[in-house]
Amino acid sequence: MQSVPPVVRFAFRRPSGVIAGLTAAWAIFGFILAIDSELGLPPGTFYKMIGIAFGVDSSYAVYVGFLLHMITGVIIGIIYSTLSQNIKKFHITSIQKGLGTGILTGVVVWVILFLPLNYGIMQPTLHNMTNTLDTTSPEYLMAVQLLALSNTIVFGSLVLHVVFGGVMGFCARLAVA
């Protein structure tokens, strides 16, 4: 009989975290597509850039980026659930506390995960694309547009992380109620 990998066992011990993180990631999925549209970008640009930054071919990058985003949401949910269940001060005893701790988590994730990834991987990838791609290619034009929108993206992402955290905290409260 095969044994279950430790990561899978750990996730199954925190199903509320898995569900809360996945629900929150799905909740902002629609916002991300709406923001792409509002900024005049093709649908899925955010996910495509994640995939491209991690070396995936442009034609599959949207799918890989989406998958990585969902997996990240689940991991954040598991960590949030584990901390809220093991640190008394963070026990989710009300909807307000779930929302508060969730929003705090969203801001912390923005600072320790999004900002370093944005400035350490995404921005250099975009600059590399503008320096190496044919100036008529769709990827080149996308990179130029994303670089021009850099500040808007950074501060808009903070709002999305707050929404993510609020949804995650709310769902976690429902799970432990």
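Scanning region 90-141 for residues that are assigned to a helix (DSSP H, G or I) and among the small types (Gly, Ala, Ser) gives Gly98, Gly100, Gly102, Gly106, Gly120.
Considering every residue within region 27-46, establish whether at least one is more than 23 Å from Leu126 (Cβ to Cβ) and either touching a Leu at 6+ places or on another chain (Cβ under 8 Å) or surrounded by fewer than 17 Cβ atoms within 10 Å (Cβ to Cβ) (or both).
Restricting attention to region 27-46, the residues satisfying the condition of being more than 23 Å from Leu126 (Cβ to Cβ) are 27, 30.
Of the ones still in play, those that are also either touching a Leu at 6+ places or on another chain (Cβ under 8 Å) or surrounded by fewer than 17 Cβ atoms within 10 Å (Cβ to Cβ) (or both) are 30.
Yes, some residue in region 27-46 is more than 23 Å from Leu126 (Cβ to Cβ) and either touching a Leu at 6+ places or on another chain (Cβ under 8 Å) or surrounded by fewer than 17 Cβ atoms within 10 Å (Cβ to Cβ) (or both).
From the list Tyr119, Tyr140, the one residue that fits, being free of Cβ contacts under 8 Å to residues at least 40 places away in the same chain, under 24 Å from Ala34 (Cα atoms) and surrounded by fewer than 16 Cβ atoms within 10 Å (Cβ to Cβ), is Tyr119.
Confirm whether Leu133 is over 17 Å from Phe31 (Cα atoms), surrounded by fewer than 19 Cβ atoms within 10 Å (Cβ to Cβ) and not β-branched (Val, Ile, Thr).
Yes.
Could you please find all residues in region 52-68 being crowded, with 17+ Cβ neighbours inside 10 Å and of a type outside the set (Gly, Ala, Ser)?
Going residue by residue through region 52-68, those that are crowded, with 17+ Cβ neighbours inside 10 Å are 52-53, 56, 61-62, 64-66.
Ile52, Val56, Val62, Val64, Phe66 - these are the residues of region 52-68 that are crowded, with 17+ Cβ neighbours inside 10 Å and of a type outside the set (Gly, Ala, Ser).
Among the candidates Ile95, Ile71, which residue alone is closer than 18 Å to Ile19 by Cβ, modelled with pLDDT of 90 or more, surrounded by fewer than 16 Cβ atoms within 10 Å (Cβ to Cβ) and over 21 Å from the mean Cα position of the chain (by Cα)?
Details: Ile71 fails: over 21 Å from the mean Cα position of the chain (by Cα).
Ile95 is the lone residue from the list that is closer than 18 Å to Ile19 by Cβ, modelled with pLDDT of 90 or more, surrounded by fewer than 16 Cβ atoms within 10 Å (Cβ to Cβ) and over 21 Å from the mean Cα position of the chain (by Cα).
Of the residues making up region 44-57, just one is assigned to a loop (DSSP other than H, G, I, E, B), modelled with pLDDT of 90 or more and either polar (S, T, N, Q) or farther than 16 Å from Thr72 by Cβ (or both), namely Gly44. Each residue in region 159-177 was checked for being at pLDDT 90 or above and either exposed (fewer than 15 other Cβ atoms within 10 Å of the Cβ) or among the β-branched types (Val, Ile, Thr) (or both), and 4 pass.
Scanning region 36-68 for residues that are within 20 Å of Val109 (Cα to Cα) and more than 14 Å from the chain's Cα centre (by Cα) yields a count of 2.
The values are calculated or read from the model by the stated rules, or taken from the named source; none is laboratory data. These numbers were taken from a predicted model, which means no experiment stands behind them. Don't worry about glycine lacking a Cβ; one is built from the backbone with ideal geometry, like all the others, and counts go over all protein chains shown.
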